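As structure tokens, the structure follows; a few thoughts come after it.
The values are calculated or read from the model by the stated rules, or taken from the named source; none is laboratory data. Predicted model only: the values in this text are computed from it and were never measured. Here Cβ is always computed from backbone atoms with ideal geometry, including for glycine, and neighbour counts include all displayed protein chains.
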Amino acid sequence: MNPYTGRKGNFILGFVRDWGIALGVAVAIFVGWSFLFGGGSLKTAGDAPDFTLADMDGTPTQLSTLQGQPVVLNFWATWCGPCKAEIPELVAWSGENEDVPLLGISVDKGLSPRALQRFVETRHMTYPVLHDRDGAVADTWGVSTLPTTIVITPDGHIGPHHVGMVDREGLDALVEEAEGHQH
């Protein structure tokens, strides 16, 4: 007797049915997650979309004012484990490469500026941290996975990127590639 069909001989049909249902549920979850949280596809070419965001002191930082040098954008959030794990590497890299701006862009929605400031201080984040409170910048850039690091070429174009944790050597390679791909 088959537990799936209650009859002998229909085991394969029951097995296929159950796996088909599981696959359908998995696809529905993936599509729903992408629809709700997927900001679109990551921008990987063309002119870098300009933005202005405030740093921890409330001073506005505009991306286009940094043109003429490579700029590293690191999209992250305080609740993101891999983001927290890569912070020491970003701090060290930033200290070793003071001539290349590194902007940490927090996409924490609903987090108060004071709470973000405490997080930044606790983690000894010495590079500028900007707060994308409503996620508009991340949406414009198509960032849907954290952390995501994008390098802007000195002439203001989108350069190489890395989705996931990055270390100092990885940042060096991204910046070197960006410097070699000016338009």
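Glu98 falls short on exactly one of the conditions (1) within 23 Å of Ser41 (Cβ to Cβ); (2) without any contact (Cβ under 8 Å) to a residue 60 or more places away in the chain, and that condition is (1). Candidates Asn74, Asn97: the one that is modelled with pLDDT of 95 or more and in contact with a Ser or Thr (Cβ under 9 Å, 6 or more places away or on another chain) is Asn74. So the check is Cβ under 6 Å with 6+ separation or different chains; which pairs have a first residue in the stretch 47-73 that's in contact (Cβ under 8 Å) with a residue 24 or more places away in the chain and a second one that's of a type in the set (Phe, Trp, Tyr)? Note: pairs meeting the criteria are Leu63/Phe51.
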